[in-house]
Amino acid sequence: MSQSGKHTNEHVDNRIEEFLKTFTKDLKQMKQEDFNHVLESLIKLKNCTDVQLQEEVDKNWIEIISQHYVFDRRKRAIEYLKDLKPSTVIKWLNNLCGNKANVRKLSVQVVAENKKEKDTEPDGAHETDETVGNLAFQLLPKDVEKSDFFIKNIQEFKKDLHVFPAHKIVS
């Protein structure tokens, strides 16, 4: 999420993609001892006991609210981390964002209006509070690829969607 007007949406999106490529490359070049050091640090962090009772209550309450009921989540995560190998992480990253044919990405970008520009508008040129709910946004870059899909009308898009019941997978 970017809250600055310094960079365009496309620039931010490109930087995220570049980070993912660089991170995967760095992970492939990482020495086994460095990887083990990172894992040990993460395991130590997860092994920290709750200092206050409220921390434990909050963790358990989140399990109840989310209907996962995995009250030993931290213990399970530690057991998983003990056996984790760099090749497993690299394979996961490649499946997640490496193969462009299988990757679908949702990019939601909201651009705020410049308050200075709004102040210079003539009277009656901007929306009133009553019409704010009827705003339609169309923020498309000039160099749109044909493979990109943009939602221009939310109501039209939602009409054709199928709603499936929520399904939780907890292991």
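The values are calculated or read from the model by the stated rules, or taken from the named source; none is laboratory data. These numbers come from a predicted model, not from an experiment. Don't worry about glycine lacking a Cβ; one is built from the backbone with ideal geometry, like all the others, and counts go over all protein chains shown.
List of remarks:
- Number of the exception - LYS146 against (1) loosely packed, with under 10 Cβ neighbours inside 10 Å; (2) at pLDDT 90 or above: (2)
- Tally of residues being in a helix (DSSP H, G or I) and without any contact (Cβ under 8 Å) to a residue 24 or more places away in the chain across the stretch 47-58: 6
- Here the stretch 3-46 is the region considered, the condition is being surrounded by 12 or more Cβ atoms within 10 Å (Cβ to Cβ), in a helix (DSSP H, G or I) and touching a Pro at 6+ places or on another chain (Cβ under 9 Å), and the residue that is modelled with the highest pLDDT is PHE35.
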